[in-house]
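The block underneath contains the structure these notes are about, expressed in structure tokens.
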Amino acid sequence: MLNTFLIIINLQIFLYASNQIILVVSDDFNAKKAKLRCFEAKKQVFKTTDVNLGKNGLAWGISHLEIKHDLNEPQKVEGDKKAPIGIFKLSKVFGYAKSNTTNMPYMQATQNLICVDDAKHKNYNQIIQMPNIQPKSFEYMKRQDKQYELGIVVQHNSIGKKNAGSCIFIHVQKHKDAPTAGCTSMKYEDLQRVVEWLDKDKNPILIQVPKQYLDEVKSLYPELPLD
């Protein structure tokens with residue numbers, strides 16, 4: 001009984017401590033595009049923005065708060081090119097510049113900064129400096145293109161469950177209609193606006209769902225003006 005009580009209290013703390021919410025809603029599991037809205041203090045703070053999702057749509061990820069769903073629906077795995085569905089904390093901002101106008105922790109993407117997507121590596125799903133012995137699979141955080149010129153780290157699979165998906169970000173789109181390898185992408189100007197708004201002290205989160213799960217989101221966050 002005590003454990004159940006503590007779970008309920010922790011759930012309430014998580015829900016009501018989330019003062020900034022990025023909500024991404026797709027038409028269905030197969031959608032490659034979605035709509036992004038930002039909320040604070042029961043209000044939408046920017047105009048609705050078009051974003052790109054995974055090349056193969058979406059799948060249920062490992063998040064900080066579970067949304068009730070059918071366990072037979074797609075579950076995210078490494079390399080599936082699906083964006084994760086769920087409720088995720090946003091931990092930091094990164095980019096090519098030395099600094100950025102944001103109230104989030106900022107990390108410069110240097111030549112030696114990588115994100116490990118080798119599911120067998122001890123640093124799987126972590127952003128680290130390149131070790132002496134390279135992981136078998138990783139991606140550079142400073143790319144040859146501008147997709148990581150600015151980004152937000154999404155805390156998907158923060159427990160590091162093997163082969164459950166890694167290196168999930170909100171980042172700059174390749175072009176208007178280009179799907180991603182599993183992230184969420186948008187125009188640089190729109191992303192910069194979001195980055196400037198985000199505040200670590202307001203516990204920002206990403207909620208990313210197909211529209212059929214909006215009722216579940218409303219039940220968890222009844223004060224969100226979703227109508």
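The values are calculated or read from the model by the stated rules, or taken from the named source; none is laboratory data. Keep in mind that what you see is a predicted model, and the values were worked out from it rather than measured. All Cβ positions, even for glycine, are placed from backbone atoms using ideal geometry, and neighbour counts span all protein chains on display.
Contact map, the stretch 202-220: residues that are touching a residue at least 24 places away in the same chain (Cβ under 8 Å) paired with residues that are aromatic (Phe, Trp, Tyr) and assigned to a helix (DSSP H, G or I), Cβ distance under 9 Å, separation 6+ or inter-chain. Pairs shown: ASN203/PHE14; PRO204/TRP197; ILE205/PHE14. Taking the criterion of being of a type outside the set (D, E, K, R) and either under 12 Å from HIS156 (Cβ atoms) or under 14 Å from the mean Cα position of the chain (by Cα) (or both), the residues of the stretch 78-114 that qualify are ALA83, PRO84, ILE85, GLY86, ILE87, PHE88, LEU90, SER91, VAL93, PHE94. Of all residues in the stretch 56-70, those that are surrounded by fewer than 20 Cβ atoms within 10 Å (Cβ to Cβ) and within 16 Å of the chain's Cα centre (by Cα) total 4.
The listed residues are LYS32, LYS89, LYS82, and the only one of them that is buried (at least 21 other Cβ atoms within 10 Å of the Cβ), in contact with a Pro (Cβ under 8 Å, 6 or more places away or on another chain) and in contact (Cβ under 8 Å) with a residue 40 or more places away in the chain turns out to be LYS82.
When restricted to residues that are free of Cβ contacts under 8 Å to residues at least 12 places away in the same chain and either more than 15 Å from THR49 (Cβ to Cβ) or small (Gly, Ala, Ser) (or both), the stretch 172-193 contains 1. The set of residues in the stretch 192-224 that are under 17 Å from the mean Cα position of the chain (by Cα) and not in a helix (DSSP H, G or I) comprises LEU198, ASP199, ASN203, PRO204, ILE205, LEU206, ILE207, GLN208, VAL209, PRO210. Taking the conditions exactly as written (under 16 Å from LYS35 (Cα atoms), buried (at least 21 other Cβ atoms within 10 Å of the Cβ), modelled with pLDDT of 95 or more and out of contact with any helix residue (DSSP H, G or I) (no Cβ under 9 Å at 6 or more places or on another chain)), does VAL172 satisfy them or not? Spelling it out, it is not the case that VAL172 is under 16 Å from LYS35 (Cα atoms), buried (at least 21 other Cβ atoms within 10 Å of the Cβ), modelled with pLDDT of 95 or more and out of contact with any helix residue (DSSP H, G or I) (no Cβ under 9 Å at 6 or more places or on another chain). Could you check, for the stretch 103-118, whether at least one of its residues is of a type in the set (Gly, Ala, Ser), without any contact (Cβ under 8 Å) to a residue 60 or more places away in the chain and over 18 Å from SER185 (Cβ atoms)? No - not one qualifying residue is present in the stretch 103-118.
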